[in-house]
Number of protein chains: 2
Amino acid sequence: MTDVAAPVDCTASILAVGSELLGTTRLDTNSLFLAGELLTMGVRVVRKACVGDDAGDLGAELRVALGRAPLLVASGGLGPTADDRTKEVLAALLGRPLVRDEAILSRLRERFRRRGIEMPKVNEKQADVIEGAVVLANPRGSAPGFLVEAAGKTVVLLPGVPDELKAMWVEDAGPRLARVYGTTGYHRRTLKVGGLPESVVEERVEPVYAAHPDCPITILAAGGEVQLQFAVRGTPEEAGAALDRIERDFRKALGSDVFGRNDETLEGVVGDLLRARGLTLALAESCTGGLLAGRLTDVAGSSDYFLGSAVTYANAAKADLVGVSEETLERFGAVSEETAREMAFGARKRFGASVGVAVTGIAGPGGGSPEKPAGTVHLALDAADGTRGHRKLLMPGGRALVRRWTTSAALVMIRHYLMGRTEGGRK
Amino acid sequence: MTDVAAPVDCTASILAVGSELLGTTRLDTNSLFLAGELLTMGVRVVRKACVGDDAGDLGAELRVALGRAPLLVASGGLGPTADDRTKEVLAALLGRPLVRDEAILSRLRERFRRRGIEMPKVNEKQADVIEGAVVLANPRGSAPGFLVEAAGKTVVLLPGVPDELKAMWVEDAGPRLARVYGTTGYHRRTLKVGGLPESVVEERVEPVYAAHPDCPITILAAGGEVQLQFAVRGTPEEAGAALDRIERDFRKALGSDVFGRNDETLEGVVGDLLRARGLTLALAESCTGGLLAGRLTDVAGSSDYFLGSAVTYANAAKADLVGVSEETLERFGAVSEETAREMAFGARKRFGASVGVAVTGIAGPGGGSPEKPAGTVHLALDAADGTRGHRKLLMPGGRALVRRWTTSAALVMIRHYLMGRTEGGRK
């Protein structure tokens, strides 16, 4: 670490404006993005609130928010309709007039003209600016944003539409605030772990926690993978280097069970490995009913390596499409190691793939028995190089969770094969 | 309508407590449930806020919330750790002592004993009750909730874990509040429409809006379906009758394009129709890559009617698994009406199903051409009764949207066939 002075510890408050946010369907998701962006500047969100369009309510919330933190980021209520009055209410609260800005007005008119429409009269008020405010450009919509400084407080007004809010933040509001607050804040990284339960990950990373006592580390389990989120305070360069050191320690503790970082997905990582190795993949799915194929084909360009899946929900289809023998189905049942292995072999042969992978199980809630309770799943892998693998899972949770977790476990199995690690294997 | 007096117009404020709610990953989803429940009592949420575990911050937020509405529903911070202090901070704010409740204490001890664990010392504080508060039972966890009345205000404290919060609301807090506020509030209903764009739905339901000017109606488009949400104020019985009348008008305007209500799903409705008609279904999927089969098998018990899907991502698989002719692939291409029709026929034959449905298209972002841009999809249906159908779609939006909308369009096509309406058909 260099001797850069620690940044001032700053706090912010977030306010989302719109009556729809007080109902039964919509949440203010913008606050997640804003909280992360503020953290990189060393600014901690201490409260969030949502309020409707009523001017009295809105004024009260603006007053409360300004009393609680020196920075307020508010979104919504900048549109052209009578319901949109965030700017008007803030101006009244600060005792500042609204001034029509001719440059904004002609940009707005031009925007409508390009779409072949004359600008409705109501849009004119979007050209009104709180006296002394910095106008923030909206590359994605008509409502400009504002940055207002008054009585030691800073207020940023952004549009509520997520795409517009993000673009305005990234291109204009964020850089302006960074010039004030700096970027010596918390820079975050996420590592993703596949194929290990949360408790095992937690045990293995214990020494990493101990080695970095000042680093806030969060462990989260979701959808059959475990995420390690950590943050380091500093300039982007300092923090990047420190994050690299922590990542190295995590990878030392977890080895190749770490499959990715930040936005990387298990299906994307598996796809990249298949492409890099010049291999193709085919599936036979029963209890996942196509969801495993669905995840693999979420990745654009997956037709480079993914050939297809035989979703054999009915037993007759297991026999007909991927050649599971009647005897195996009869003797061991559809949910068995033997059936899974024959399905994997059959899928590979049927599609002419390098690797065949099969899933058969009981997603529940019905269909279980004392020997094979709901949540029992067999995975098998059969590769042209002679590798064979099998794993039996027993998962708690409802139908949706069992199905999701099974797809993750299958992707981990494929990844392990591609990295030369195969469980339950024989060659 | 009977002459029941209009309910008093009441307002409430919602507060979620927990530092994790101020970060980059978690939102307070409980507020959506609470807003709906309060509406049925005629109570309108006028603000929501989230605050961290800091006692000073929490006290400030409780004070603000109590100043803004006569009812406050707060969740979180009732656990056993030092971070959990909602109850303590509220007690201090109201100037009321905490009193240890021996009955709660022994229930807590018993709860641990049943799990074979001795109760940790820290849990004892969960038996402390704000003097004069009503204790709310927690059927799903250890933290009891509280209902406190003070100085004309009512505060309900609930646990933050969604399952615990819902169970406590439904079984205890909700009925208690209903005795005060009544149930003459807004009762809601949702109708779901498939296969029509939002603008067409809006045009068709215009007369329904006009016929019910006082009924708040929301129209929402998501994932290839359109939802109409509406609410009526009154007792549950009155409101139920009025909702039925409005639903009848919507159904008159939209006919059989209304596929369901409230929690019903397109895949569930299609499954019920297949089961009722004693028919079986098989698929051949290309661009949806298994997602259509995935949706159909999300429904527990779908093995009654769903036989399987040939996910034929590669062209060779289209020929081999479902018998699309090389000539058709060559002459018309994989994304064509002809290929879709042969896939549907082949899927029906291959799985021995009553109905075969096929999807082939370009999900994008790559793979498009001027004649067949990304978003071009062909759907086909081939039934044992001789019905044949085809639809061509051209969808805007990214890969994920195109894939999701395609599955909805295919489910609508299956539903139409099962109801005797087949587009692009020949028999």
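Within the range A:387-410, can one find any residue that is within 14 Å of chain B (Cβ to nearest Cβ), touching a Cys at 6+ places or on another chain (Cβ under 6 Å), of a type in the set (A, V, I, L, M, F, W, C) and crowded, with 24+ Cβ neighbours inside 10 Å?
The answer is no, given that none of the residues of the range A:387-410 is within 14 Å of chain B (Cβ to nearest Cβ), touching a Cys at 6+ places or on another chain (Cβ under 6 Å), of a type in the set (A, V, I, L, M, F, W, C) and crowded, with 24+ Cβ neighbours inside 10 Å.
Could you pull out the residue among B:G352, B:G367 that is touching a residue at least 40 places away in the same chain (Cβ under 8 Å) and within 14 Å of chain A (Cβ to nearest Cβ)?
After ruling out the rest, the residue left standing is B:G352.
Of all residues in the range B:284-307, which are within 7 Å of chain A (Cβ to nearest Cβ) and either in contact with a Cys (Cβ under 7 Å, 6 or more places away or on another chain) or polar (S, T, N, Q) (or both)?
Residues satisfying the conditions are B:T297, B:S303.
Looking at (1) at pLDDT below 95; (2) β-branched (V, I, T); (3) within 26 Å of B:A300 (Cβ to Cβ), which one does B:T265 not meet, given that it meets all the others?
For B:T265, the exception is condition (1).
Could you tell me which residue of the range A:29-45 is surrounded by the fewest Cβ atoms within 10 Å (Cβ to Cβ), considering only residues that are at pLDDT 95 or above and touching a Lys or Arg at 6+ places or on another chain (Cβ under 7 Å)?
A:F33
Across the range B:308-331, which residue is farthest from B:A374 (Cα to Cα) among those that are away from chain A (no Cβ under 14 Å) and buried (at least 16 other Cβ atoms within 10 Å of the Cβ)?
For the range B:308-331, the residue satisfying everything is B:T328.
Could you go through the range B:372-386 and let me know if any residue there is within 35 Å of the chain's Cα centre (by Cα), within 24 Å of B:G255 (Cα to Cα) and without any contact (Cβ under 8 Å) to a residue 24 or more places away in the chain.
no
Modelled with pLDDT of 95 or more, closer than 27 Å to B:L34 by Cβ and among the charged types (D, E, K, R): is that true of A:K48 in this structure?
yes
Run A:A253 past the list (1) over 27 Å from A:L394 (Cα atoms); (2) modelled with pLDDT of 95 or more and report the number of the one that doesn't hold.
Going through (1) over 27 Å from A:L394 (Cα atoms); (2) modelled with pLDDT of 95 or more one by one, A:A253 breaks only (1).
Answer yes if at least one residue in the range A:217-231 is more than 27 Å from A:A69 (Cβ to Cβ), of a type in the set (D, E) and not assigned by TED's automatic domain parsing to the domain that holds A:D84, and no otherwise.
Yes, the range A:217-231 has at least one match.
Residue-by-condition table, conditions (1) within 30 Å of A:G141 (Cβ to Cβ); (2) crowded, with 17+ Cβ neighbours inside 10 Å; (3) in contact (Cβ under 8 Å) with a residue 40 or more places away in the chain:
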{"position": "A:G174", "(1), (2), (3)": "yes, yes, yes"}
{"position": "A:G182", "(1), (2), (3)": "yes, yes, yes"}
{"position": "A:G185", "(1), (2), (3)": "yes, yes, yes"}
{"position": "A:R189", "(1), (2), (3)": "no, yes, yes"}
{"position": "A:P207", "(1), (2), (3)": "no, no, yes"}
{"position": "A:I217", "(1), (2), (3)": "no, no, no"}
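Which residue out of B:A221, B:A173, B:A231, B:A143 is at negative phi and part of a helix (DSSP H, G or I)?
Checking each option against the conditions leaves just B:A173.
Quickly run through the range B:41-55 and pick out the residues that are more than 7 Å from chain A (Cβ to nearest Cβ) and under 13 Å from B:V17 (Cβ atoms).
B:D53, B:D54, B:A55
Given the conditions (1) more than 22 Å from the chain's Cα centre (by Cα); (2) outside the structural domain of A:L58 (by TED's automatic domain parsing); (3) not in a helix (DSSP H, G or I), report the number of the one that A:A210 does not fulfil.
(3)
The values are calculated or read from the model by the stated rules, or taken from the named source; none is laboratory data. Owing to the predicted nature of the structure, the values given are computational and were not obtained by experimental measurement. Cβ coordinates were reconstructed from backbone atoms using ideal geometry, including for glycine residues, and neighbour counts include every protein chain displayed.
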